[in-house]
Each structure stands twice: as C-alpha cells, then as structure tokens.
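Beneath this line is the structure, given in structure tokens, with notes to follow.
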Amino acid sequence: MTPGLMIAAPASGTGKTTVMLGLLRAFRDAGLRVQPFKSGPDYIDPAFHRAASGRPSFNLDSWAMAEPMLHGLAAEARDTDLVLAEGSMGLFDGVAKPGATGNGASADVARRMGWPVVLVIDVSGQAQSAAATALGFARYDPAVQIAGVILNRVASPRHERLARSGMAAVGLRVFGALPRRGDLKLPERHLGLVQASEHPDLDARIADYAVFLRDHVDLAAIRAAAAATPAPAPHAHRFAPPAQRIALAQDAAFSFAYPHMLAGWRSAGAEILPFSPLADEAPDPGADLVWLPGGYPELHAGRLAAARTFHAALAEHAATRPVHGECGGYMALGEGLIDADGTRHRMAGLLGLVTSYAQRKMHLGYRHATLLAPMAGADSGTTLRGHEFHYSTILDQPDAPLAHVVDAEGTPVAETGSHRGRVSGTFFHLIAPER
C-alpha cells in the first residue's frame with residue numbers, strides 16, 4: 001500500500017487546507033505522483049485537491065462506508081508515490097454512535113489506514129502553550145501516531161523559537177513554521193470554501209502556496225514520515241449505478257457530486273452525460289435517468305427560473321423515466337425557491353416542494369435513510385447512508401415522503417425527501433448504500 005499521511009488539525013480554521021494544497025503541489029512539482037483523499041463527507045475540498053495534484057480526490061468516510069469500500073477507495077493510490085489525506089474539523093471529532101465502520105473522525109480513518117498524522121497548529125496568541133495542545137493530541141489515542149507538527153501563523157522569529165522550544169520539551173517534531181500571511185486565506189461561502197471552479201486564479205494561488213511550503217517546511221522529512229498499513233485482500237468497493245445512461249447536471253448551481261460515486265458509476269460501465277441547467281440545456285433525450293446534484297441554486301434562482309428549455313425537457317423525461325435531485329437539485333425540482341432577498345422564483349414544478357433561503361436555518365449531519373418508495377435505481381426498503389448540509393428551510397412539502405430518515409444518533413429528522421410519480425428528491429447527499 002502506498003505510504004501516506006493525514007494532514008489534520010486540532011480544530012477547523014487552522015489553515016490545514018492551505019497546507020494541504022501547498023504540499024500537494026510542492027510534491028507534484030518535485031516529480032512525485034501524489035494521491036489526495038478527504039476524510040469525511042465534505043464535497044467541496046476534493047475539487048481543490050484535484051486542481052493541486054492533477055489527480056481525482058476521493059472521500060473516505062468511516063461512518064458511511066463499510067471497510068471494503070474504505071480500503072477499495074484507498075487502493076486508488078496504486079501506482080503513486082505518496083498519499084496525502086486532509087482531515088475535517090478537529091482530528092478526533094466524530095459522531096457519538098459508530099456507523100458502517102467507525103465514528104467518521106479523521107483519526108479513525110488514519111488509524112485504519114496506518115497513516116501518521118501531521119498536525120497543523122495555529123500558534124497565534126500563544127507560544128510554548130501550543131505544545132500542551134499538541135501533546136494532548138499525541139497521547140489521546142495511542143493507536144494514532146502523531147508524526148509531528150507544522151506551526152502556522154507564526155508572528156516573528158522570536159515567536160517561532162518559543163513555539164519550537166515548547167514542542168522540543170515534549171518531544172514532538174516540528175516539520176516547519178509558516179509565517180502569518182493574510183493573503184493565503186481562500187474565500188468562503190455559507191457551505192465552506194467558494195467552489196474551485198469559481199476561482200479564475202486558483203492555479204496561481206496554489207502555486208504560491210507551494211512556494212510558501214517549500215520555503216518554510218521540510219518536505220523531505222514529511223515524505224519520510226509517511227507510512228501505511230498493508231492493504232487487505234482486494235474487495236469490490238463500487239456500488240451499482242442507478243442507470244446505464246445518466247444525464248448529470250453540472251455547472252455552478254449543481255456541482256456537489258461525490259467523486260467516488262461518479263467514478264464508481266463509470267467503472268461499472270455507466271455513461272455519464274453532463275448538461276448545464278444554467279445554460280438552459282436539456283438533458284440528453286436518450287438518458288435513462290436525470291440526476292441533479294447539490295450546489296447553490298439559491299445563488300442562481302433567477303436564471304434557473306428562466307431556463308424554459310431545461311424545464312420542458314425535464315418534464316418530458318419525467319413522464320417516462322426517473323429524475324432524482326439531491327439537496328440543491330431537490331430544491332430545483334420543487335414549485336418554488338425563495339432567495340436571500342425574499343424573492344420567490346418558479347422552479348421545475350415536478351414536486352410540490354417550496355424552500356426558502358431567506359428563512360435560514362443550518363441543517364447539518366449524517367443521515368441514515370430507509371426508502372419508503374423506489375428512488376433512481378434503488379428499491380423501496382433499501383437503506384442508504386449520506387450527509388446533509390444546507391441552510392434552506394422547507395415551507396411546503398405536499399408530496400409523499402421518500403424515506404424514513406434519522407441522524408447519526410438515530411433521532412428522526414424532518415427532511416424525509418419526497419416523491420411524485422417518477423420524480424424523487426432528498427436533502428441528504430448519498431455517500432453509500434448500507435451493506
């Protein structure tokens with residue numbers, strides 16, 4: 001198995017994504033084939049990883065994915081020189097009740113894969129005290145190896161010396177120290193980073209990150225710290241595609257499709273036919289299924305409302321073949337979408353759903369769903385694992401519920417999805433069927 005590292009942090013907002021992108025590009029520039037992964041259900045970061053590394057990045061999620069799928073996806077690192085996986089939230093942050101394999105924490109994935117952890121520590125506002133935090137992480141779970149730390153947001157040479165002395169006192173290796181730079185922060189939106197496709201200067205930014213990392217971090221030492229657990233016998237890790245020819249909405253309004261899901265469909269022989277609702281394109285008339293992934297329809301509601309060709313073709317398809325929408329795609333299938341300014345926009349009208357982004361409330365967490373009706377290639381009674389993250393509020397949902405949905409602790413959630421005829425939608429993004 002290719003040796004790897006988990007790039008993680010004590011908490012969100014420490015700069016680990018910047019470090020991850022800089023490392024990916026720096027190692028790539030050095031001639032290494034680097035395979036990126038993202039721990040957890042984040043569907044935005046993998047596109048940034050791909051831009052930095054030149055290779056598709058896949059999510060590894062121990063709550064939603066069974067062991068064969070986790071290791072099967074990790075096998076995507078074959079014929080590469082190094083694995084770098086980016087953690088999510090804090091290293092040990094997961095759910096209270098284990099799911100398919102574990103609790104979804106980055107530490108859980110690192111432990112199962114045998115990847116040592118490089119901890120990105122934000123030392124702003126402290127010096128030697130940062131070592132106490134790092135030491136606590138190193139001792140919290142003896143099965144998770146902390147290879148060392150990268151000090152981030154260092155204010156001065158003196159600040160660096162003090163922080164390094166603290167790490168030396170507790171026996172933790174420092175791979176490098178990054179001076180404070182306000183221009184390295186990527187812009188964010190309500191679901192996280194602004195999408196990679198929306199950055200016209202993304203490649204230049206990543207190149208700058210790589211130079212910054214090369215100047216301040218010991219790349220050779222980081223590579224030497226990589227390790228991995230021997231992979232088990234190969235297992236099938238793909239799930240069956242929901243149809244043979246899948247028309248997939250892909251543009252700035254619909255882009256949150258998990259890379260492992262699309263790769264799995266393709267490897268199983270399905271044909272994916274992209275189209276753009278924002279460009280008022282119709283899905284391929286020969287498609288067996290139309291799939292609308294999540295995204296930001298609330299930012300483009302006016303253009304979607306005016307996309308008459310798209311609406312007409314979608315209705316024609318739904319008369320004889322299935323249509324499914326996830327989160328933003330689900331909202332676009334409804335009767336109406338109210339944007340942040342309170343303006344109501346007509347959507348496709350294939351479901352009765354009315355949603356409001358003006359009445360914001362965060363909905364976040366893992367979802368375990370048992371289908372009450374068929375859904376795009378899955379029979380009634382099928383159990384699915386997914387993740388929900390949005391701020392829109394349901395004002396009206398007159399159609400029959402699609403599934404019985406609970407969160408990671410087994411508590412029922414109100415967002416059950418809905419269906420009408422051959423059209424279905426959910427607010428959760430499918431990660432994997434339960435095996």
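The values are calculated or read from the model by the stated rules, or taken from the named source; none is laboratory data. None of these values were measured; they are calculated from a predicted model. So basically every Cβ, Gly included, is an ideal-geometry build from the backbone, and we count neighbours across all protein chains shown. Please note that ligands, DNA and RNA were not included when accessible areas were found on the heavy atoms of the full protein model with its side chains. Shrake-Rupley method; radii C 1.70, N 1.55, O 1.52, S 1.80 Å.
Taking the stated definitions as given, is residue 321 of a type in the set (Lys, Arg) and farther than 21 Å from residue 417 by Cβ? The answer is no for residue 321.
Please enumerate the residues belonging to segment 380-426 that are among the acidic types (Asp, Glu) and open to solvent by 50 Å² or more (accessible area, probe 1.4 Å). Within segment 380-426, 396, 409 qualify. Here residue 432 meets the list (1) in contact (Cβ under 8 Å) with a residue 60 or more places away in the chain; (2) open to solvent by 20 Å² or more (accessible area, probe 1.4 Å); (3) on the phi < 0 side of the Ramachandran plot almost entirely, failing just condition (2).
For segment 335-363, name all the residues that are over 18 Å from residue 295 (Cβ atoms) and not in a loop (DSSP other than H, G, I, E, B). Answer for segment 335-363, where residues must be over 18 Å from residue 295 (Cβ atoms) and not in a loop (DSSP other than H, G, I, E, B): 344, 346, 354.
Just one of the listed residues (434, 415, 409) is of a type in the set (Asp, Glu) and at pLDDT below 95, and it is 434. Note on segment 248-296: residues that are in contact with a helix residue (DSSP H, G or I) (Cβ under 7 Å, 6 or more places away or on another chain) and among the basic types (Lys, Arg) amount to 0.
Selection of segment 180-214 for residues being at pLDDT 70 or above and of a type in the set (A, V, I, L, M) yields 184, 202, 204, 206, 207, 210, 211, 213.
Within segment 134-154, is there a residue that is modelled with pLDDT of 95 or more, small (Gly, Ala, Ser) and surrounded by fewer than 18 Cβ atoms within 10 Å (Cβ to Cβ)? The answer is yes, given that some residue of segment 134-154 is modelled with pLDDT of 95 or more, small (Gly, Ala, Ser) and surrounded by fewer than 18 Cβ atoms within 10 Å (Cβ to Cβ). Considering (1) surrounded by 24 or more Cβ atoms within 10 Å (Cβ to Cβ); (2) in contact with a helix residue (DSSP H, G or I) (Cβ under 8 Å, 6 or more places away or on another chain), the lone condition that residue 77 does not fulfil carries the number (2).
Here is a yes/no grid of residues against (1) within 28 Å of the chain's Cα centre (by Cα); (2) under 24 Å from residue 373 (Cβ atoms); (3) among the hydrophobic types (A, V, I, L, M, F, W, C); (4) modelled with pLDDT of 95 or more:
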| residue | (1), (2), (3), (4) |
| --- | --- |
| 267 | yes, no, no, no |
| 277 | yes, no, no, yes |
| 282 | yes, no, yes, yes |
| 288 | yes, yes, no, yes |
| 297 | yes, yes, no, yes |
| 308 | no, no, no, yes |
| 314 | yes, yes, yes, yes |
| 317 | no, yes, no, yes |
| 330 | yes, yes, no, yes |
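Could you list all residues from segment 376-397 that are without any contact (Cβ under 8 Å) to a residue 60 or more places away in the chain and not in a loop (DSSP other than H, G, I, E, B)? Of everything in segment 376-397, those that are without any contact (Cβ under 8 Å) to a residue 60 or more places away in the chain and not in a loop (DSSP other than H, G, I, E, B) turn out to be 383, 384, 393, 394, 395. Across segment 107-129, the number of residues qualifying as touching a residue at least 60 places away in the same chain (Cβ under 8 Å) and either among the hydrophobic types (A, V, I, L, M, F, W, C) or open to solvent by 10 Å² or more (accessible area, probe 1.4 Å) (or both) comes to 13.
Just one of the listed residues (364, 350) is more than 27 Å from residue 104 (Cα to Cα) and open to solvent by 20 Å² or more (accessible area, probe 1.4 Å), and it is 350. When every residue of segment 288-298 is checked against the conditions, none turns out to be open to solvent by 50 Å² or more (accessible area, probe 1.4 Å), touching an Asp or Glu at 6+ places or on another chain (Cβ under 8 Å) and farther than 30 Å from residue 40 by Cβ. Set side by side, the residues 355, 343 differ, and just one is among the polar types (S, T, N, Q), modelled with pLDDT of 95 or more and open to solvent by 50 Å² or more (accessible area, probe 1.4 Å), which is 343. For segment 393-435, the set of residues classified as over 27 Å from residue 316 (Cα atoms) and in contact with a strand residue (DSSP E or B) (Cβ under 6 Å, 6 or more places away or on another chain) consists of 393, 404, 405, 406, 407, 408, 412, 413, 431, 432, 433, 434, listed by residue number.
At least 2 residues being of a type in the set (Gly, Ala, Ser) and over 18 Å from residue 432 (Cα atoms) is the threshold, and among the helices (runs of 4 or more DSSP H) wholly inside segment 220-334 those reaching it are 301-305, 308-318, 328-332.
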